[in-house]
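A.B. asks: Please read through the structure below; I'll follow up with questions.
The values are calculated or read from the model by the stated rules, or taken from the named source; none is laboratory data. None of the values given here were measured: they were computed from a predicted structure. Virtual Cβ from ideal backbone geometry, glycine too; neighbours counted across all protein chains shown.
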DNA sequence: GAGAGGTAG
DNA sequence: GATTCTACCTCTC
């Protein structure tokens, strides 16, 4: 008697079934994403050196290829670049995360048409499970590149390989080696050429390896990607960590870093910012912490989460070595909550640790031990009078209707920008998410 | 479990 | 004078 294996039910394929079908992984990422988005809406930026700045217009986070050629590094402070900007014809933009987020969503939606399994890895890149012959895979990569340029208006590069680490590497080659024309499939590159490329690349270029590991690897004679790919995985695990061992195995073609499901809940939320001008008084800091407390409340509510622990912290500038101070307090909350009053009050627990006169450059709060909002009512004894009256949702409703800043609790409610608020003098319009900032088109 | 260290984008 | 922010993982104690 032969048992027959039941056929899979019709309908969408299960994840394990997809996994069996999936032969390779494609890494698609947008070239210098923020700068490319700025160019979508302002084509006059095309061909010009352009940098997008971090919060507070602090430093360059994204540079157009022309800006890179000027020798501007990532993280280079704007105050150092600015004096020469005019002479270089360099243009700077403040970061416009709302716009970038919206364009990112369009790119991801587009990629979803090419694979049933897209892992959104960051704002500008995604891993895709892909399947097909070598020729089909290369064609798929070229199709995605063309579609992103035509439908969204941004340039992307594609790396395709058997493992994530190799897909990352192939993507890098696609980007920096014009012969690949933006699409590189690892196994389609002749072995001797791959080795030459790997021999010429420092381990610091690898996904998961940064400066510290590079130093330690250098010390044992491992300098290039090729060196690391030939290392003994077990020895690497013993001398370093399982993380680096996975990198070695992945370089050798053994997948160890799986495609991930979309993260639903988060483990922690952080609200933190550097100030445009340092804060020196507890009164000002109280106001800042109130703002964060309410932001945390709104975000928790949005994700249907409650927090059990809140940590509040402040710190002086790392660049000022005198008078340094990094006060922080960890406040266990009496019960899981997303209530703005409770969170704000908890955040204020930092205030006694603040020394008047010290120049605090940054502050923030972190909520941890997050859990989904339960539906069972807390014991009467522990019931929170504010939550009962739903102050959080009420404030959200007003903010939605009358705009952010129209309502706030106590010190967070003051109108007009306090002088520590973020500096963003060169922000482009939020073209796609605000009615009053839509792009105008003139038909002449 | 907390904190340090490291990494990514 | 001035220099991002958020979130994760692993290791150690």
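A.B. asks: Scan the stretch A:220-256 for residues that are within 30 Å of residue A:23 (Cβ to Cβ), without any contact (Cβ under 8 Å) to a residue 40 or more places away in the chain and touching a strand residue (DSSP E or B) at 6+ places or on another chain (Cβ under 9 Å) and jot them down.
C.D. replies: Listed by number, the list holds a single entry, A:224.
Rundown of residues vs (1) under 17 Å from residue A:296 (Cβ atoms); (2) buried (at least 19 other Cβ atoms within 10 Å of the Cβ); (3) at pLDDT 85 or above; (4) over 32 Å from the mean Cα position of the chain (by Cα), yes/no style:
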position: A:326; (1), (2), (3), (4): no, no, yes, no
position: A:353; (1), (2), (3), (4): no, no, yes, no
position: A:360; (1), (2), (3), (4): no, yes, yes, no
position: A:363; (1), (2), (3), (4): yes, yes, yes, no
position: A:370; (1), (2), (3), (4): yes, yes, yes, no
position: A:382; (1), (2), (3), (4): no, no, no, yes
position: A:385; (1), (2), (3), (4): no, no, no, yes
position: A:389; (1), (2), (3), (4): no, no, no, yes
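A.B. asks: If a residue counts only when it is over 22 Å from the mean Cα position of the chain (by Cα) and more than 15 Å from DNA strand C (Cβ to nearest atom), which helices (runs of 4 or more DSSP H) contained entirely in the stretch A:78-177 have at least 2 such residues?
C.D. replies: On the way: elements: A:78-88, A:97-111, A:134-147, A:164-176.
Ranges flagged: A:78-88, A:134-147, A:164-176.
A.B. asks: Moving on to the next point. From the list A:244, A:226, A:201, pick out the single residue that is within 13 Å of DNA strand C (Cβ to nearest atom) and in contact with a helix residue (DSSP H, G or I) (Cβ under 8 Å, 6 or more places away or on another chain).
C.D. replies: Numbers: A:226 fails: within 13 Å of DNA strand C (Cβ to nearest atom); A:201 fails: within 13 Å of DNA strand C (Cβ to nearest atom).
Going through A:244, A:226, A:201 in turn, just one is within 13 Å of DNA strand C (Cβ to nearest atom) and in contact with a helix residue (DSSP H, G or I) (Cβ under 8 Å, 6 or more places away or on another chain): A:244.
A.B. asks: Which one of A:217, A:213 is under 24 Å from residue A:29 (Cβ atoms) and free of Cβ contacts under 8 Å to residues at least 60 places away in the same chain?
C.D. replies: Details: A:217 fails: under 24 Å from residue A:29 (Cβ atoms).
Residue meeting the stated conditions: A:213.
A.B. asks: Can you pull out every residue in the stretch A:239-278 that is more than 15 Å from DNA strand B (Cβ to nearest atom), outside any loop (DSSP other than H, G, I, E, B) and at pLDDT 90 or above?
C.D. replies: A:249
A.B. asks: Could you list all residues from the stretch A:53-77 that are closer than 25 Å to residue A:361 by Cβ and either away from DNA strand C (no atom under 13 Å from the Cβ) or in a loop (DSSP other than H, G, I, E, B) (or both)?
C.D. replies: Across the stretch A:53-77, the qualifying residues are A:54, A:58, A:72, A:73, A:74, A:75, A:76.
A.B. asks: Of the numbered conditions (1) more than 16 Å from DNA strand C (Cβ to nearest atom); (2) part of a loop (DSSP other than H, G, I, E, B); (3) on the phi < 0 side of the Ramachandran plot, residue A:221 fails exactly one; give the number of that condition.
C.D. replies: For residue A:221, the failing item is (3).
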